[in-house]
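Written below as structure tokens is the structure these notes are about.
Coordinate-derived values only; no laboratory data. None of these values were measured; they are calculated from a predicted model. Heads up, the Cβs are rebuilt from the backbone with ideal geometry, glycines too, and the neighbour counts pull from every protein chain shown.
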Amino acid sequence: MTDLADLSIVEAGRQLRSGDVTAVDLWEAAATRIAYTEPHLHAFLTVDREGALATAKVVDAAFRAGEDAGPLQGIPIALKDNMCTKGLATTASSRMLEGWVPPYDGTAVANLRNAGAVLVGKTNLDEFAMGSSTENSAFGTSRNPWDVDRVPGGSSGGSAGSVAVGSSMGAFGSDTGGSIRQPAALCGVVGMKPTYGLVSRYGLIAFASSLDQIGPFARSVEDAALLLEGVAGHDIHDATSYRGEYPTLTDGLEKGVKGLRVGIVKELMVDAIDSEIRAATRAMADKLSDAGADVVEVSLPSSEYALSAYYLIAPAECSANLARLDGVRYGNRVPADTTDEMMAKTRAAGFGPEVTRRILLGTYALSAGYYDAFYGQAQRVRTLVRQDFATAYEQTDVLISPTTPTTAFEIGAKTDDPIAMYYSDVCTIPSNLAGDPSISVPVGVDTRGLPIGFQIMAPALGESMLFRVAAEVERLAEFSARPSLAVSKETV
Amino acid sequence: MPEWEAVIGIETHVELQTNSKMFCGCAVAFGEAPNTNTCPVCLALPGAIPVPNEEAIEGIVKIGTALDSTINKDSLFYRKNYFYPDLPKNYQISQYTFPVCEFGKLEIVVDGEPFVVGITRVHMEEDTGKSRHVGEDGRIHDASHSLLDFNRSGVPLVEIVTEPDIRTAEQARAYGAELQRIVRTLGVSDARLEEGSMRFDANVSVRRGPDAEFGTRTETKNVNSLRSLQRAITFEIDRQTRVLEEGGEIIQETRHWNEDKGVTISMRIKEESEDYRYFQEPDMLPLEIDEAWQQRVKAEQPELPAQKRARYVGLGTDAHTAELLADDPALGGLFDQAVQAGANAKQAGIWITQEVVAYLRREEKSLVETALSAAHVAELSEMVSAGDLSSTASKDVLNAVLAGDGTPREIAEAKDLIQISDSGFLEAEVDAVIADNTDAFEKLAGGDMKMIGFFVGQVMKRTGGKADPRLVSEMVRNKAQG
């Protein structure tokens, strides 16, 4: 019999409604999985056992009363620890916010509570979502469930790992330059970044406001679509929240790719991308072609500058976003004789080296005399990237590429070389700069047995098309491998 | 060498009295318990983001329109970065390029001379919280600790920046006063200087005559009244002139106006040039103020103070009376209604700005607390025009009406103040006095016009003071000239 922790959200929903299982059963299965995997994985910073059990009981009562808030009711879900949860510590993996308990729920969190989701806990990340491995967490590195000596990717590595091993059935992360898709690829799960503005950022601890977007992790494309539906929607608390009609996400999952125009991005199939990953990407492109898609090569000429532009824009925004962490009103404080000194010492002690590096970089890029050469130039590149996408979408419905240049790398392999670490996001950053939706779907494993992610990109608000193609990729890939950690018994 | 000339520019901050703050739903309220009107947004909790308040945007568009500005259809918010404990985000959301309004102007009048002050820009931003330093004397460097109140944090703030067009402290004061009137007329703020809902910063420099280059300027803060604005600028002009004449140099700095001592004091801030690292606010989209919105604000614009004053002068009041009436909505309203009800504008203006104001001051009352109505003023005016009441008596009657003793006619009759202006009756009285005083009349007829007063006095005596002296005087004169 299948362990309940391994059910898809769709199947779990069916069994909840048939009465075969209860929300408490699902939570207990997740809790058991947490107990077995966490000592090896460290995906969570906080597990909210009491809260989850209480919610599960309330949900079961609702089911008995015939109340049904939709597909996420009773589903155990994990949240990246940069999403504010009322009454539950939210640290963004920073010493600065160690022990801070938000007095409010972010909008996405509130939507999940209203949908009856059982929130199991808060997952590890690179401090303030800055990093690609979780090695920048102030509270320890999470492990890759396929090989515990390797990183799970980042910054949402905890959420990716949790979904991969079944300690949650779905999870949410935030994606600023690839922080959902890259760890999803490295952990062999589906990870999706929605169109900018589709999910409210209210209550998401900001890294780079013009790029940040909350999105789902799941073990199937359909589950990911259901998770996104649970949080998307206009929010009066977010001035950048989309105001128009929201795309439907699950309607086209069975439609296939026949007649669709698929562009494979030339610049993301270069030598710097691991050859096994390129081969897997090419193989999937061929399968899509066989399935009736018209696969063509397209060019995004500005993408070679996208990474550099991103590493000016994101640090510039973060240098202001993180200024509020000054020890005055909340979080940790290092006492000193004057307020200025207190703020300086608090920030020096509270931020880790990567966050400090980015704040300094961003401050510099915005300084008088440097603004035009750095921040101004980066914004112009961003415009060019957008134009490149627009041109590409004139002749294609979706674009495809690898999600990452490598599969999961060893812990410590890139910590001394920030540029090499930054390169982990080379394939994912363009979609953030453009504000477009993008998804990573696992399509196979490399010779080391590590999962390979396949990225699909669509124009803004093209979620329906994106999930449609992703569902076909999922069917064609027949990816069924699970990490060895994904079992509820002591094997590791 | 040419005379020294001052070059002055004024930056004015106006807190808008909107229902909610600039970027969150908290109430804009004053004098409440500290930190009661706060939320994650105005406390800058992690994850909280701003949403602009449409009512505040409407407010700044009103101000910009009244100042003849160009309203930018697409306007941008920026982050102005600096660390200060009362600024919870450690950046202020403000504007930089593409403010809501640019290229405006305001005409003021000083000593009867019109003068145009250019308005560089009017932009939208948010207010900070307030710090209170606890310690020996409440000053920051002696404080043992500081307390912060974020009730004001995020209150909508409009900044109005002039061109360096102003040349005298009197002009500066006139500009400040006119701006305050406009803001109050628009109803967007109570614009109280002493409470800080309107605040001036004065940029002052001096130079050798109108053709010289601008000198180094100082910025004077903490000016809490129009009078202090004028005094502070006068002090700064004198100080700078003295320093330069003694061969010294003006340092570009921020100075603090000390009201008690009547001096500006250097705030001794390290004068490194502050780099605010402005960049476009990524939490917000460009603000769109379309043509329809701009047109509606223009159409709904109330009569501005200058328009009102011009209208009053057109009705017949003198400039000073027009200004007093235009400055006080209650008095101006009474005046408008009285004139509409038929009162003589000149007469009504004088009664209201002199007798009524004196009564209110003496009795420490507001107009609504008195019994006076516009109909009363009109009635009073009609009685004087008809000659039923002397101008002197009218003041007594007006005071009695204010006190609630009745209508003007009731009071005049009760007090027996109705004038005799029956010319047949008065002519008989005049003839009787002449008959009794033939010698005096001969002097008068001989050209000694001083004697008119004597005859008028005699008639007043005979009529118990009720004769219309104007009419009597005319009759006596006619008779003398035979």
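Annotations
- The stretch B:197-299: chymotrypsin sites (Phe, Trp or Tyr not before Pro) in DSSP loop, at most 13 other beta carbons within 10 Å: B:Phe214
- Short to long, the 20 Å bins of the Cα pair-distance histogram for chain A hold 26, 60, 14, 0 percent of all pairs.
- For the listed peptides B:314-326, B:403-415, a ranking on the average number of other beta carbons within 10 Å per residue, highest first, reads B:314-326, B:403-415.
- Averaging Cα coordinates gives a centre for the stretch A:173-208 and one for the stretch B:344-364; these two points are 70 Å apart.
- Packing rank of B:460-467, B:48-55, where each peptide gets the mean count of other beta carbons within 10 Å, highest leading: B:48-55, B:460-467
- Gyration tensor verdict on the stretch A:311-454 (Cα atoms; rounded if a/c is under 1.5, prolate if a/b is larger than b/c, oblate otherwise): oblate
- For the stretch B:28-68 and the stretch A:235-287, distance of Cα centres in Å: 41
- For the stretch B:184-245 versus the stretch A:304-367, the spacing of their alpha-carbon centroids is 37 Å.
- Taking N as the residue count of the stretch A:394-492, its C-alpha radius of gyration divided by 2.2 N^0.38 Å amounts to 1.26.
- Neighbourhood charge, 14 Å Cβ-Cβ cut-off, centred on A:Pro459 and excluding it, Lys, Arg +1 and Asp, Glu -1: -1
- The H on the amide N of A:Phe172, modeled in the peptide plane, is under 5 Å from the matching H of A:Ala78, A:Leu79, A:Lys80, A:Phe217, each at least 5 residues off or on a different chain.
- At R0 = 30 Å, FRET efficiency that the Cβ-Cβ distance of B:Ala29 and A:Tyr370 yields, to 0.05: 0.10
- With all pairs of separate Cα atoms included, the stretch A:246-321 yields a Kirkwood hydrodynamic radius of 15.3 Å.
- Filtered trypsin sites (Lys or Arg not before Pro), the stretch B:289-369: DSSP coil and at most 16 other beta carbons within 10 Å: B:Lys365
- Near B:Pro99: Cβ cut-off under 10 Å, other residues only, Lys/Arg at +1 and Asp/Glu at -1. The net charge is -2.
- From most to least packed by mean Cβ count within 10 Å, the peptides B:110-117, A:246-253, B:170-177 give B:170-177, A:246-253, B:110-117.
- Longest site-free stretch - chain A; sites: GluC sites (Glu not before Pro), DSSP loop, at most 10 other Cβ within 10 Å: A:1-244
- Relative frequency of Cα-Cα separations exceeding 46 Å in the protein assembly as shown, percent: 46
- Note: relative contact order over the stretch B:35-98, using C-alpha pairs below 8 Å and six or more positions apart, is 26 percent.
- Residue-averaged [θ]222 nm for chain A, counting only DSSP H segments that reach four residues, each worth -39500 (n - 2.57): -12000 deg cm²/dmol
- Per residue of B:47-59, other chain Cβ atoms within 10 Å of the residue Cβ number 4 on average.
- Value of [θ]222 nm, deg cm²/dmol, for chain B, DSSP H segments ≥ 4, -39500 (n - 2.57) each, nearest 500: -11500 deg cm²/dmol
- The relative contact order of chain A, computed from alpha carbon pairs under 8 Å that lie at least 6 residues apart in sequence, is 18 percent.
- Neighbouring Cβ atoms from other chains, within 10 Å of the Cβ of residues in A:319-331, number 6 on average.
- Taking every residue in B:79-86 and counting other chain Cβ atoms within 10 Å of its Cβ, the average works out to 5.
- The value of relative contact order for chain B, using C-alpha pairs under 8 Å at least six residues apart, is 13 percent.
- Measuring nothing but alpha carbons in chain B and taking Rh as the Kirkwood radius, the Rg to Rh ratio lands at 1.13.
- For the stretch B:303-414, a Kirkwood radius taken over Cα pairs fed into Stokes-Einstein (10 °C, viscosity 1.306 mPa s) yields D = 115 µm²/s.
- Per residue, the Cα convex hull of the stretch A:4-249 amounts to 106 Å³.
- For chain B, the longest principal axis of the alpha carbon atoms and the long axis of helix B:391-402 meet at an angle near 50°.
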